[in-house]
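Everything below concerns the one structure shown next.
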Amino acid sequence: MGKKKLNRETYLEVAKVEISTLFKSKGYAFKAKDLKGIKVTTSFPTSGGQSASAPIGLCCYAYNSNTEILISPVLGGKTIDESIEVLAVLTHELVHAYLGAGFGHGREFKKIATSVGLTGRMTTTTAGEEFKKWAKETIKKIGKFPHEKFDLGARKKQSTRMIRAICDTMGCDSKWYASRKQWSNGLGQCDVPSCEGTKVIDREQNISEEDYKAIITQAYLVSSTNLQYR
């Protein structure tokens with residue numbers, strides 16, 4: 001019978017136990033209840049969101065009586081090297097979990113991190129050769145991380161939600177905002193009394209030429225819910 005296929009969270013929980021064994025071999029044994037209270041999941045961090053500068057791992061202390069470790073989905077496990085990186089990030093966060101709040105990346109953190117094979121700057125540790133050797137053996141045992149990393153650069157940029165229209169009459173500074181769905185039945189005349197101007201799209205807003213042409217094939221439907229003067 002083959003190995004049971006693990007999902008991402010189950011994999012990280014299994015990896016957590018394997019890493020705790022590595023800690024123990026270096027003289028840093030987790031108490032059983034403490035290890036059980038550490039929950040691991042794949043999620044974007046609570047700070048930084050999906051920005052390029054967002055952390056790829058985060059340890060949240062005493063969250064709902066547990067310690068929550070978040071591993072960013074920008075990390076994947078398609079290759080062994082990617083899976084090693086996931087294990088290295090999880091190990092980094094487990095050092096935080098082992099020490100608890102208040103230690104940061106100081107002397108105590110460095111002492112444990114380097115002993116288990118992490119190297120580089122303590123704020124952004126990477127897998128050293130000793131850690132890579134251990135990680136490859138662990139991956140043989142539990143498999144690669146079952147997740148293909150997110151390519152945030154491939155996301156389609158969200159188009160402007162509200163389109164700004166202005167009056168084409170010199171001296172009339174009225175403005176209106178509407179969603180794309182509200183552009184129907186022609187742009188229409190300016191709503192300001194005694195003004196004979198026409199509503200046109202304000203080209204100073206961030207709209208590409210292609211987007212502009214797509215919008216003006218529709219028209220502006222006047223609605224009391226979306227008029228915003230000046």
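Out of the residues in segment 152-200 that are touching a Ser or Thr at 6+ places or on another chain (Cβ under 8 Å), part of a loop (DSSP other than H, G, I, E, B) and open to solvent by less than 40 Å² (accessible area, probe 1.4 Å), which is modelled with the lowest pLDDT? Checking each candidate, the answer is GLY188. Which pairs have Cβ atoms under 6 Å, sit 6 or more apart or on different chains, and link a residue in segment 104-132 that is in a loop (DSSP other than H, G, I, E, B) to one that is surrounded by fewer than 15 Cβ atoms within 10 Å (Cβ to Cβ)? Pairs found: HIS105/THR123; VAL116/LYS26; GLY117/GLU130.
Taking the criterion of being touching a helix residue (DSSP H, G or I) at 6+ places or on another chain (Cβ under 6 Å), modelled with pLDDT of 95 or more, part of a loop (DSSP other than H, G, I, E, B) and open to solvent by 70 Å² or more (accessible area, probe 1.4 Å), would at least one residue in segment 25-36 satisfy it? Yes: segment 25-36 contains one or more residues that are touching a helix residue (DSSP H, G or I) at 6+ places or on another chain (Cβ under 6 Å), modelled with pLDDT of 95 or more, part of a loop (DSSP other than H, G, I, E, B) and open to solvent by 70 Å² or more (accessible area, probe 1.4 Å).
Scan segment 71-84 for residues that are acidic (Asp, Glu) and buried (at least 22 other Cβ atoms within 10 Å of the Cβ) and report the count. Qualifying residue count for the region: 0.
Test LYS133 against the stated conditions and say whether it is under 21 Å from LYS5 (Cα atoms), at pLDDT 90 or above and open to solvent by 30 Å² or more (accessible area, probe 1.4 Å). First the steps, then the outcome.
Values: under 21 Å from LYS5 (Cα atoms): no; at pLDDT 90 or above: yes; open to solvent by 30 Å² or more (accessible area, probe 1.4 Å): yes.
Spelling it out, it is not the case that LYS133 is under 21 Å from LYS5 (Cα atoms), at pLDDT 90 or above and open to solvent by 30 Å² or more (accessible area, probe 1.4 Å).
The values are calculated or read from the model by the stated rules, or taken from the named source; none is laboratory data. Owing to the predicted nature of the structure, the values given are computational and were not obtained by experimental measurement. Note: ideal-geometry Cβ built from the backbone for every residue, glycine included; neighbour counts use all protein chains shown. Ligands, DNA and RNA are stripped out before the accessible areas are found, and what is left, the full protein with its side chains, is counted by its heavy atoms. Shrake-Rupley method; radii C 1.70, N 1.55, O 1.52, S 1.80 Å.
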